[in-house]
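Here the structure comes first, spelled out in structure tokens, and everything after it is commentary.
The values are calculated or read from the model by the stated rules, or taken from the named source; none is laboratory data. This one's a predicted model, so the numbers in the text were calculated from it and none came from an experiment. In this analysis, Cβ positions are derived from the backbone assuming ideal geometry, glycine residues included, and neighbour counts consider all displayed protein chains. Protein only, heavy atoms only, side chains kept; ligands, DNA and RNA dropped before computing areas. Shrake-Rupley method; radii C 1.70, N 1.55, O 1.52, S 1.80 Å.
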Amino acid sequence: MTDGEENPAVLQKVDEMYVFMREWFGQPDEVKQEVLSSNYTDGYKPTGIFAGVRENTRDAYETLKVSHMGIKKGATNPPPYLQVRKGMFESYLEACNQIALRLLICLSSHLGLDKSEVLENFHQDKEDSNSTLVLLKYPYQEPNLESHQIGHIKHTDIGSITVLFTDQWGLQVLSAADQGQKEEQWKFVEPRRGCAVINVGDSLRFLSQKKLRSCFHRVVPAKGQTVDRYTIAYFLRPSNSATFVDSNGELVTANKLA
Ligand SMILES: O=C(O)CCC(=O)C(=O)O
Ligand SMILES: [Fe+2]
């Protein structure tokens, strides 16, 4: 993220987002609960809603989601954080969208895809999509195996490309060779300032006829961590009208993916 003119600007936006996150997530629970999420592209999710990393635990992260389409179209009654910080979200979403699209263009070219099937065609700026910015906070917990809330469960991302920024340890990835093994070997992804972690999601796996794979990843409390963990994820999703064949061989329309 150090080459090119626009990239330092992205990093500035990342820092600005961290400042916002500390402030926003630091508010009393009652205030955050006022914008509880009623769909999967907008609003607040407290900790403990989903299953956690270990059996019989719940997740240990809060999220605030901002949909790209919502920002572009403008809501009639926007929540306070959008009224006040719309410009910040708009420019962050645009910057990450550009990064993700540029990656798609490179991938299409490297895969030697025919003009009619280039990946960027399924992600048209003018069309509606469920692309979303997700701000995540993992409140600090004493490292304690008895905790009922632990991390972020093993999953693949559902969209096409994820652009994730974090300065802190916790994210782990499972190599393809380890999938389905009795003893899965999880490897920590080193957080590097000035770098984004890029994930291929399931939609891209299908759009590329499985030439690209989506990897399993999860978040666990990292040893030595003594503070809250913050991450910023932009999930680029295909245009809502895009169709592709899923792992069951069924034709799926992108906006039907939960
Ligand atoms: O917080 C992280 O490091 C990863 C988050 C993630 O995988 C997700 O939100 O899908
Ligand atoms: Fe993920």
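Observations
- Both numbers refer to the Cα atoms of region 84-126; Rg and Dmax are 13.2, 44 Å.
- Among beta bridges identified by DSSP and lying wholly in the chain, the antiparallel ones come to about 95 percent.
- Checking the Cα-Cα distances for LYS115/LYS256; LYS126/LYS187; LYS65/LYS126; LYS154/LYS256 against a 30 Å cut-off, the pairs over it are LYS126/LYS187.
- Dimensions (Å) - region 20-132, Cα atoms, principal axes, largest first: 52, 41, 23
- Residue among LYS65, LYS182, LYS137 with the largest mean-square fluctuation in a Gaussian network model of the chain, springs linking Cα atoms under 10 Å: LYS182
- Here the chain is treated with +1 on each Lys and Arg Cβ and -1 on each Asp and Glu Cβ, and its dipole about the Cα centre works out to around 240 debye.
- The chain: relative contact order in percent, alpha carbon pairs under 8 Å with at least 6 residues between: 22
- Relative counts (whole %) of C-alpha pair distances in region 117-258, using bins that are 10 Å wide: 11, 37, 32, 17, 4
- Largest first, the residues LYS13, LYS210, LYS32 sort by 1.4 Å accessible area into LYS210, LYS13, LYS32.
- Surface accessible to a 1.4 Å probe, per residue, for the residues of the chain, Å²: 54
- The shape of region 21-84 can be summarised by an equivalent ellipsoid whose semi-axes, obtained from the alpha carbon gyration tensor, come to 25, 14, 9 Å from longest to shortest.
- Charged neighbours of THR41, selected by a Cβ distance under 13 Å, balance to +3 (K, R count +1; D, E count -1).
- Equivalent ellipsoid dimensions for the chain as semi-axes, Å, which come from the Cα gyration tensor, largest first: 27, 24, 18
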